[in-house]
Amino acid sequence: MLIPVLIGMSIITFSIVHAIPGDPAKAILGEKATPEAVAQLKESMGLGKPLFIQYVDYVKGILSGDLGTSFITKTSVAEEIGPYLAATMELSFAAMVIAVFFGMNLGILAAWRHNTGVDYTAMVIAIIGVSVPVFWLGLMEQWVFAQDLSWLPSNGRIDARMGFEPITNFYFIDALIQGDFVAFGDAFRHIILPAVALGTIPMAYIARMTRSSMLEVMRSDYIRTVRAKGVSEFLIIYKHTLRNAFIPILTVFGLQMGLLLGGAILTETIFSWPGIGRYVYEAINNRDYPVIQSGILIIAFIFVMINLIVDLLYAWIDPRIQYGKE
Amino acid sequence: MTKTLLEIKEFKMHFHTDKGVVKAVDGIDLSVNEGEVVGLVGESGCGKSVTSLSVMGLVPTPPGKVEAGSIQLAGRDLTRLKRREWRQVRGNEVAMIFQEPMTSLNPVFTVGSQMIEAIRQHRQVGKKEARHRAGEALREVGISRDSILDEYPHQLSGGMRQRVMIAMAMVCEPKLLIADEPTTALDVTIQAQILDLMRRLNQEKGTAILMITHDLGVVAEMCSRVVVMYAGQVVEEADVNTLFSNPKHPYTAGLLRSIPQLDKRSDRLYSIPGNVPNPRQMPTGCRFAPRCEHVQSICLDREPPLFHITTGDHTSRCWLHGTEKEDVDRDSSRDVVRS
């Protein structure tokens, strides 16, 4: 599955990128450039060749670990993209932790107190959660928690005045490696607002899926058996029911995680988060083909990998699911 | 003198739904002595499963509500138990096995872990000891391979799963085992094995069994006493021989006539005409009257009490066995009249 998806993705992104109106050479040289200069630049960027040859060159490059060179910065995309990718993964991961924790517990609570005020309140929260626009939520958070209350910083990954030197570009990991707990705390304070903004929609989806899945399992015969054994309500819910209800929840988790990685542009823009969404967005404005292609391909690759992991987790959660055995 | 283990008195469990009150169990009396096997018989929807679930405290409330009566287990009223106290009773003093062995075990945990959970819920033992006991209990029900503890339910057949269910129910040596149609979903040959197993456990361990079934064959084979339920009420109670040889209530008689018999040829199998009444609109008077071939005018007006038939503990809720006059001096506490 993995290989055909990636080949397909590379063809689609390549085609779309080249179909974008606008000429990168013109974008670089400006409106007043002479046609000769533009043609010369195009030639040097390899854009003069037929599209098919360009695609073959691009794929050859990828296979040898070369994601191309940015037209604008003239540096290798493979080198350049690392910090952006790390920033986005850190943010997405934090958002997912929030989404999973609050979403699942909200869904569990709603299912446990089915058809009561608790259930209705939880589901209203979930509906608001899926419908609230991310940019609005982000701005409101900044307004209330950063500006009015001054509790949390409103943008960036860490206070620049700290002079923090990243190693892996995952700031939390870096801070721990260096034993710098002040930096860790500061990075933590910086990530809260964007993570909440980004995590709200997946939180709501997870809550709804958890609720319906839990309700279905709670009516099953084996939950009645567990109850007949005298097991406590807590274990019935969190051990027996949740484990069985987990597969649909995990599916939503995988899909939402992919969306977070690729769809964090708004959040990253509002909170000045130097992530891959903004990186690719700027590349699109500049017609920076290698960056767009490689950025999208990497996002697609991560998305596919996450869903592969999700598939493997299915088998771990439910012993009835087995792969590769007939 | 045998001691009463379970005594259900005047018990009413009603369900309050949007469309009205469903009187699923409407004032039943039922007792099980220590070591006794009692059959609870009736059609689908007559309230026998709700009765059994009530003894386990497994009826969801709401919508269910105990309207009246009590369920005494060894002298303790279960209807007054708190959530925490219920957990001491379930699986420990009373255990239950269900109709659907295929879906009654949690598919994502091994047989061993589910059994160990049942043991450690009620006994202060370590994991190793619990695992040992689980293996013992499974050998008791005829599964001798040790690997079963590490197998998942989907790897077992229906009969094996029901054995596991029984082993799990018996593992804390409950005084009462409630079996809700334990053989209905099984093949005939497996049914016989499971019934044999339950009878053996009853004889060897002295566990009382409340056998809920609509299969009179199971009753004949297993039970010493039978309680017949119809539309949320007990309509007849007798020891098993009396019931089969001399059924008093027209409903019981109808049930017995609808069993196919090899020695008698008939073109059509008898069936009781009509359907079970809508539980939201019970008929006034006798609840069986609309389907009864002996119906009299009194049956449509007044609900019959349980009349004592002359022989022993045989009771029947039918006007054929008593008159209204006798009803006046009935024993008010048990709703029973001597005739």
Counting partner chain Cβ atoms within 10 Å of every residue's Cβ in B:164-173, what's the average? 1
Which of B:306, B:210, B:269 fluctuates most in a GNM of chain B (C-alpha springs under 10 Å)? That residue is B:269
Using the charge dipole of the protein assembly as shown (Lys, Arg: +1 at Cβ; Asp, Glu: -1 at Cβ; taken about the Cα centre), state which of A:154, B:240, A:199 has its Cα farthest towards the positive end. B:240
Only Lys, Arg (+1) and Asp, Glu (-1) charged, at Cβ; the protein assembly as shown dipole about Cα centre in debye: 900
Multiplying the sequence separation of residue A:212 and residue A:118 by 0.36 nm and subtracting their Cα-Cα distance, what value in nm do you get? 32.4 nm
FRET efficiency estimate (nearest 0.05) - Cβ-Cβ, residue B:65 to residue B:297, R0 51 angstrom: 0.90
Express as a percent, rounded to the nearest 5, the fraction of DSSP beta bridges in chain B (both residues included) that run antiparallel. 60
If we count every other residue with Cβ under 13 angstrom of residue B:243's Cβ, Lys/Arg +1 and Asp/Glu -1, where does the sum land? -2
Based on the mean of other beta carbon atoms within 10 Å per residue, what is the order of B:154-160, B:291-297, most packed first? B:154-160, B:291-297
Once amide hydrogens are built 1.01 Å from N within the peptide plane, the residues lying 5 or more places from residue B:227 or on another chain with amide H under 5 Å from its amide H are B:39, B:40, B:41
Looking only at other chains, what is the average number of their beta-carbon atoms within 10 angstrom of each beta-carbon in A:228-238? 6
Over the Cα atoms of segment B:192-328, what is the Rg over Rh ratio if Rh follows Kirkwood? 1.01
At 0.36 nm per residue, and after removing the present C-alpha to C-alpha distance, how many nm does the segment from residue A:42 to residue A:312 gain when stretched out fully? 92.6 nm
Using θ = phi - 60° and the Karplus form 6.51 cos²θ - 1.76 cosθ + 1.60, what ³J(HN,Hα) does each residue of segment B:270-285 get, whole Hz, x for Gly and Pro? 5, 9, 5, x, x, 10, 4, x, 4, x, 7, 10, 6, x, 6, x
What list of ³J(HN,Hα) couplings, whole Hz, do you get for segment B:304-310 from phi and the Karplus terms 6.51, -1.76, 1.60, once you set θ to phi - 60° and write x for glycine and proline? x, x, 7, 8, 7, 8, 3
Set the Förster radius R0 to 45 Å, insert the Cβ-Cβ distance between residue A:27 and residue A:146 as r into 1/(1 + (r/R0)^6), and round the FRET efficiency to 0.05. 0.80
Just add up the charged neighbours of residue A:183: K/R +1, D/E -1, any other residue whose Cβ is under 12 Å from the Cβ of residue A:183. -2
Treating each Cα of chain B as an identical point scatterer and ignoring solvent, apply the Debye formula and state log10 I(q)/I(0) at q = 0.07, 0.08 Å⁻¹. -0.31, -0.40
So, with points 7 Å from each Cα along the Cβ direction, the residue B:244-residue B:157 label distance in nm works out to 2.7
Looking only at B:81, B:262, B:243, which one moves most when chain B is put into a Gaussian network model with springs between Cα atoms under 10 Å? B:262
Would you mind computing the Rg to Rh ratio of segment A:102-225 from its alpha-carbon coordinates, Kirkwood style for Rh? 1.14
Minimum 40 Å² accessible area buried by the other protein chains, segment B:58-97 residues, probe 1.4 Å, relative to alone: B:58, B:83, B:87, B:90
Calculated FRET value between residue B:128 and residue A:3, using beta carbons and R₀ = 41 Å, to 0.05: 0.30
With only helices counted (DSSP H, runs n ≥ 4, each -39500 (n - 2.57)), the per-residue ellipticity at 222 nm for chain B, to the nearest 500, works out to -9000 deg cm²/dmol
Expressed as a whole percentage, what fraction of the accessible surface of segment A:84-273 belongs to carbon and sulfur atoms when a 1.4 Å probe is rolled over the protein heavy atoms? 69
Quick check: the distance between the Cα centres of segment B:180-226 and segment B:84-157, to the nearest angstrom? 20
Just the number, please: buried accessible area between B and A, total of both chains, 1.4 angstrom probe, nearest 100 square angstrom. 2200
In whole percent, and with a 1.4 Å probe on the protein chains, what portion of the accessible area of segment A:2-63 is carbon and sulfur? 70
Calculated SAXS-style log₁₀ I(q)/I(0) at q = 0.18, 0.28 Å⁻¹ - segment A:2-63, Debye, Cα scatterers: -0.73, -1.21
Accessible area (Å², per residue) of the protein assembly as shown, counting only protein heavy atoms and a probe of 1.4 Å: 49
Using only Cα atoms, what is the ratio of the radius of gyration of segment B:174-258 to 2.2 N^0.38 Å? 1.12
Which of the trypsin sites (Lys or Arg not before Pro) found in segment B:73-124 are loop residues per DSSP with 16 or fewer other Cβ atoms within 10 Å of their Cβ? B:82, B:123
How big is the C-alpha Rg of chain A next to the rule-of-thumb value 2.2 N^0.38 Å, as a ratio? 1.19
If you add up the charges near residue A:261, with Lys and Arg at +1 and Asp and Glu at -1, over every other residue whose beta carbon is less than 12 angstrom from its beta carbon, what do you get? -2
Excluding exposed DSSP-loop chymotrypsin sites (Phe, Trp or Tyr not before Pro) (at most 14 other C-beta within 10 Å), longest clean stretch of chain A: A:152-322
Using a basic spin-label model with each label point 7 Å from the Cα along Cα→Cβ, how many nm lie between residue B:275 and residue B:200? 4.4
Going residue by residue through segment A:154-170, the Karplus relation 6.51 cos²θ - 1.76 cosθ + 1.60 with θ = phi - 60° gives ³J(HN,Hα) values, rounded to whole Hz and with x marking Gly or Pro, of 9, 8, x, 9, 7, 5, 4, 5, 6, x, 6, 9, x, 10, 8, 6, 8
Extension gain residue A:19-residue A:63, at 0.36 nm per residue separation less the Cα-Cα distance, in nm? 13.5 nm
Could you name every residue in segment A:187-225 that has 10 Å² or more less accessible surface in the full protein assembly than in its own chain alone (probe 1.4 Å, ligands and nucleic acids excluded)? A:221, A:222, A:224, A:225
Hey, got the average number of other protein chain Cβ atoms within 10 angstrom for residues in B:100-110? 6
Which residue, B:134, B:167, B:185, tops the fluctuation ranking in a GNM of chain B built on C-alpha contacts under 10 Å? B:185
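The values are calculated or read from the model by the stated rules, or taken from the named source; none is laboratory data. Owing to the predicted nature of the structure, the values given are computational and were not obtained by experimental measurement. All Cβ positions, glycine included, derive from the backbone under ideal geometry; neighbour counts span all protein chains shown. The protein model used for the area step is the full one, side chains on, heavy atoms only, and it has no ligands, DNA or RNA in it. Shrake-Rupley method; radii C 1.70, N 1.55, O 1.52, S 1.80 Å.
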